[in-house]
Amino acid sequence: MKNIVLISLFLTFVFASPASHAFGKQLEVPILIYHSIDEFNGQGSKELYVTPKNFEKQMLYLRDQGFTLLTFDRWQDINKVNKPIFITFDDGYKNNLNAFAIFQKLKTEHFKPTGTIFVISDFIGRSNRLSKSDLKLMADSGIISIQSHTATHPDLTKIKNYEYELKGSKDKIQKITGKPVNVLAYPYGNFNDKVVAETKKYYLFGLTTTPGPFIEKGIKDELYLLPRTYIKYSSTLDDFSKIVDRE
């Protein structure tokens, strides 16, 4: 009888606990950074490109492995969904429309891919950047969240005009998309205490380029120090799987 009680208590513990916390394992949430989703054309840094073919393979891997792609307006769901992951794109390049098209292609009843594009507000509409109509289209789709990468992409640790870079970009993007802008990706990943303090005036999250998954530690300003991991041109599917599968 004693053994039956012990087994019952064990099963109750296992099934009452979220999968990520069963047996005391701490939840690890990958936040991935992409830049250009395109064929490399010889201009710029090759490693900041991921071909559409490879990007689609990576998203198919996430689908087939049971990941849930989230945007930051669903941050509170990281403890509720299976294998949460965030897909982010920096700089707002026109070729991010390729990622949008792939997300649309892969969307099913059970797999709803989403991502976050961080745009530089003063660069919107340039020849190689997303236009206002592009941003509005993607924001309205519910597939892509448009957030801020500042107004002019400065090193925030070396400036004084934080209101223009942070509030100005936020206001401009919100006016275009009609959606809340509550997330900032620090240019070059650079931040310090002053940058965090200024960011907190206008945003709920701040994203770095410190590699590794997010692991909740309860430290001060934790949501303004979110780590992200680069996915590069040279990243193989095996490399990708090792980054996202950390069990």
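So Ser133 fits all but one of (1) more than 20 Å from the chain's Cα centre (by Cα); (2) outside any helix (DSSP H, G or I); (3) among the hydroxyl-bearing types (Ser, Thr, Tyr); what number is the exception?
The number of the failed condition is (2).
Given Lys46, Lys80, Lys53, which one is within 22 Å of Asp238 (Cβ to Cβ), surrounded by fewer than 19 Cβ atoms within 10 Å (Cβ to Cβ) and touching a residue at least 40 places away in the same chain (Cβ under 8 Å)? Walk me through it before giving the result.
Values: Lys80 fails: within 22 Å of Asp238 (Cβ to Cβ); Lys53 fails: touching a residue at least 40 places away in the same chain (Cβ under 8 Å).
Sole residue among the options that is within 22 Å of Asp238 (Cβ to Cβ), surrounded by fewer than 19 Cβ atoms within 10 Å (Cβ to Cβ) and touching a residue at least 40 places away in the same chain (Cβ under 8 Å): Lys46.
May I ask you to say which residue of Tyr188, Tyr164 is over 19 Å from the mean Cα position of the chain (by Cα), aromatic (Phe, Trp, Tyr) and either surrounded by fewer than 16 Cβ atoms within 10 Å (Cβ to Cβ) or at pLDDT 95 or above (or both)?
After ruling out the rest, the residue left standing is Tyr164.
State all residues of region 199-208 that are over 21 Å from Lys83 (Cα atoms) and not charged (D, E, K, R); if no residue qualifies, say none.
Correct list: Thr199, Tyr202, Tyr203, Leu204, Gly206, Thr208.
Could you check region 52-86 and list, in sequence order, the residues that are part of a helix (DSSP H, G or I), polar (S, T, N, Q) and under 15 Å from Leu32 (Cβ atoms)?
Asn54, Gln58
Output the residues belonging to region 179-235 that are of a type in the set (Phe, Trp, Tyr), assigned to a loop (DSSP other than H, G, I, E, B) and under 29 Å from Thr51 (Cα atoms).
Restricting attention to region 179-235, the residues satisfying the condition of being of a type in the set (Phe, Trp, Tyr) are 186, 188, 191, 202-203, 205, 214, 224, 230, 233.
From the residues that got through so far, the ones that are assigned to a loop (DSSP other than H, G, I, E, B) too are 186, 191, 202-203, 233.
Within region 179-235, Tyr186, Tyr233 qualify.
Within the group Ile117, Ile173, which residue is aliphatic (A, V, I, L, M) and outside any helix (DSSP H, G or I)?
None of the other options fit; the residue is Ile117.
For region 87-107, what are the residues that are among the aromatic types (Phe, Trp, Tyr) and either in a helix (DSSP H, G or I) or over 13 Å from Leu48 (Cα atoms) (or both)?
Residues of region 87-107 among the aromatic types (Phe, Trp, Tyr): 89, 93, 100, 103.
Selection gives Phe100, Phe103.
The values are calculated or read from the model by the stated rules, or taken from the named source; none is laboratory data. Predicted model only: the values in this text are computed from it and were never measured. All Cβ positions, glycine included, derive from the backbone under ideal geometry; neighbour counts span all protein chains shown.
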